[in-house]
Amino acid sequence: MNIAQAKCIPLEQYLERQGLQPQKTRQGGRELWYHSPIRDGDENPSFKVDTVKNLWFDHGVAHGGNIIDLVREMCSCDVRDALRHLEQTRLYSPTLSAPMTSSSRGASRQSEASPRNQVTEGEKGKSGAFELVSQSTLQHPALLQYLTKRGIDHDVARKYLREIEFKGPQSTGKYFALGYPSGDGFEARNALFKGFVGTGKAVTFHDMPDATRLQVFEGFMDFLSYLSKDKPAQPVGAVLVLNTTNLWQRALPYINDSRFEEVRLYLDNDDAGNAATRKLFESVEAPSKLADMRSYYAGYEDLNAWLLGQKA
């Protein structure tokens with residue numbers, strides 16, 4: 001697949017393959033608005049897709065582009081790897097010389113609007129999710145290499161991660177990734193992919209008997225980075241991983257638990273981390289027991305970037 005071919009893939013179809021659905025539409029469906037897939041904390045959907053131009057723009061960071069630019073942002077990869085990733089989605093048809101925009105789909109939409117082909121919103125959301133195929137002990141060399149690049153100790157990772165296989169909706173191809181349990185599925189990561197496999201994401205709680213301290217991490221890579229630094233036998237206290245700052249409210253019952261006398265917050269040094277930290281301080285019953293730990297990795301975006309900086 002070359003760049004011109006990749007640009008023919010409709011952005012909304014790609015986002016649906018990633019399990020993302022538009023939260024609102026404007027201009028008769030030309031504009032689709034999503035929670036941003038390239039940053040956390042986008043409570044008011046500010047990621048716009050123009051289905052006619054097949055371009056995106058994230059108003060939260062005042063940045064946009066084409067589908068290749070989006071994949072590079074989401075997967076932290078170069079153009080070559082972005083093209084390889086897009087080719088694996090099998091969304092490109094050689095018969096297309098331009099994206100199937102909303103204007104060019106109008107006739108086909110009318111012909112497909114029979115009751116037999118209509119799908120309810122709930123079914124649509126489910127069909128757009130990645131499906132788990134299998135899970136096993138972490139051992140794939142490519143995944144271990146990815147962890148090494150992220151500075152994560154392999155023994156630490158094996159305690160909390162699974163190696164998962166999954167497939168996209170209406171797809172026969174299978175993919176593999178690191179899997180971190182979250183709700184009814186897994187947070188999935190590999191060198192080219194960052195997403196969720198399942199239909200219901202949630203916070204992840206690692207309890208510890210008699211713990212009086214709760215440590216709250218934004219993502220599992222931050223949690224594993226914390227453990228990889230000194231490799232303690234176990235975390236110091238109970239651990240809560242948000243998996244996204246959008247789920248900050250689900251942290252409140254754990255933070256408000258009276259057995260936790262101290263709650264340490266390890267969120268990102270960015271706008272989303274700032275917003276989530278502020279909301280937690282404003283919403284908990286006893287804000288005096290909260291401690292914002294971000295000063296310890298000031299100058300770095302998150303704990304993983306800080307860990308890599310210590311190893312440099």
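The values are calculated or read from the model by the stated rules, or taken from the named source; none is laboratory data. All values reported here derive from a predicted model rather than from experimental measurement. Using ideal geometry, Cβ is built from the backbone for each residue, glycine included, and neighbour counts are taken over all protein chains shown. Accessible surface is based on the protein model in full, side chains and every heavy atom, while ligands, DNA and RNA are left aside. Shrake-Rupley method; radii C 1.70, N 1.55, O 1.52, S 1.80 Å.
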**Request:** Find how much the distance from Val52 to Glu261 grows on full extension, using 0.36 nm per residue of separation minus their present alpha carbon separation; answer in nm with one decimal.
**Result:** 69.8 nm
**Prompt:** For the chain, max minus min Cα coordinate along each principal axis, in Å, sorted largest first?
**Reply:** 63, 42, 38
**Asked** Hey, what's the stretch 210-312 come to in accessible area per residue, 1.4 Å probe, Å²?
**Response** 45 Å²
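Just to be sure I understand: of the beta bridges DSSP finds with both ends in the chain, what percent are antiparallel, rounded to 5? Don't skip to the answer; put the middle values down first.
Values: 38 of 51 bridges.
Of the beta bridges lying entirely in the chain, close to 75 percent run antiparallel.
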**Item:** Length-normalised contact order of the stretch 144-266 in % [C-alpha pairs under 8 Å, at least 6 apart]
**Value:** 22 percent
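For Ala202 and Tyr296, calculate 0.36 nm times their separation in residues minus their Cα-Cα distance, and state this gained length in nm to one decimal.
Taking Ala202 through Tyr296 to full extension adds about 31.1 nm, to one decimal.
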**Request:** At 0.36 nm per residue, minus the direct Cα-Cα distance, what do Lys149 and Glu282 gain on full extension? Give it in nm, one decimal, please.
**Result:** 44.2 nm
**Message:** Just to verify a number: FRET efficiency for Gln234 and Asn2, C-beta to C-beta distance, R0 = 41 Å, to 0.05?
**Reply:** 0.25
**Most mobile listed residue (Ser36, Ser182, Ser258) in the chain, GNM with C-alpha springs under 10 Å** = Ser258
**Fill in**
Carbon/sulfur accessible area of the chain, % of total, 1.4 Å probe, equals 48 percent
